[in-house]
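Take a look at the structure set out below.
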Amino acid sequence: MSTIYILWLRQIKRYLRSRSRIIGSLGQPILFLVALGFGFGPIFQRAGQGSYIEYLAPGIIAMSILFTAIFSGMEMIWDRQFGFLKETLVAPVPRINIMIGRVLGGATAALFQGIIVLIISIIIGFHIYSYYLLLLTLVFMALISLFFTALGTAIASTLSDFQGFQLIINFIVMPVFFLSGALFPLKGLPAALNFVAIIDPLSYGVDGLHYTLTGISHFGVGIDFVVLSVITIAVMIIGSYLFSKIEV
């Protein structure tokens, strides 16, 4: 447990020291909230869907978590390049503890990022449906963080260069985000897009945040929670296996 705590704390300290990274990673969510939220707001309202900011904010919160979480895998490649990972792996502790510590640290940093974007959304004009559901909001944010941090770590476990990691992650991240219902409602989509949305893991995170923050759900909050929990456990198991196969 001490190994998990040490690695968790190290990831948090690394995140907090990178002030430029924190500020820089807020640029895209703010741009989406302002440019899309207010730009497409009148069109969304004329279509009878209400305020676009109210719909958009949960998706942008999920987006900020997604990017921060999955790109935390790059830190493992950085550690491998400069030898820190080797020093960690040769320590007399189970590798699964190292994996869990890294994932928890990256997920916590992503959760912080999501909370910051939530606060910014409220400042811009987003109204929370029920403050009683804020705890459940944090649960969904934590599940999104854990899933994509574990996914990023699993992918990084099989790679040794930054370029390959960035190419794979960019190939995954953009379709996952744009087809998750973060920017447009999933109701009434063509059958092909609806199928993609159903198999998109972020769809359930976005839908869960929509329910807790706006009171509207497409799949059902119970389904969102169960699916996210199951796939998070599955990717943690797969990531632990891949991490255990890293050669020192």
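The values are calculated or read from the model by the stated rules, or taken from the named source; none is laboratory data. Every value quoted in this text rests on a predicted model; they were computed, and no experiment measured them. Heads up, the Cβs are rebuilt from the backbone with ideal geometry, glycines too, and the neighbour counts pull from every protein chain shown.
Taking the stretch 1-50 as the range and being at pLDDT below 70 and among the charged types (D, E, K, R) as the test, the residues that pass are Arg17, Arg19, Arg21, Arg46.
In the stretch 112-131, the residues that are at pLDDT below 90 reach residues that are in a loop (DSSP other than H, G, I, E, B) with C-beta atoms within less than 7 angstrom, at least six apart or across chains, in these pairs: Tyr129/Gly215; Ser130/Gly215. Taking into account only those residues within the stretch 226-248 that are hydroxyl-bearing (Ser, Thr, Tyr) and crowded, with 18+ Cβ neighbours inside 10 Å, which is nearest to Ile199 (Cα to Cα)? Among them, the one singled out is Thr232. The criterion of at least 2 residues that are of a type outside the set (A, V, I, L, M, F, W, C), in contact (Cβ under 8 Å) with a residue 24 or more places away in the chain and within 24 Å of Glu54 (Cα to Cα) is met, among helices (runs of 4 or more DSSP H) falling completely within the stretch 157-248, by 201-214. Residue count for the stretch 24-46, restricted to those that are over 22 Å from the mean Cα position of the chain (by Cα) and closer than 14 Å to Gly59 by Cβ: 2. Residue count for the stretch 223-237 under the criterion of being over 17 Å from Leu66 (Cα atoms) and in contact with an Asp or Glu (Cβ under 9 Å, 6 or more places away or on another chain): the result is 1.
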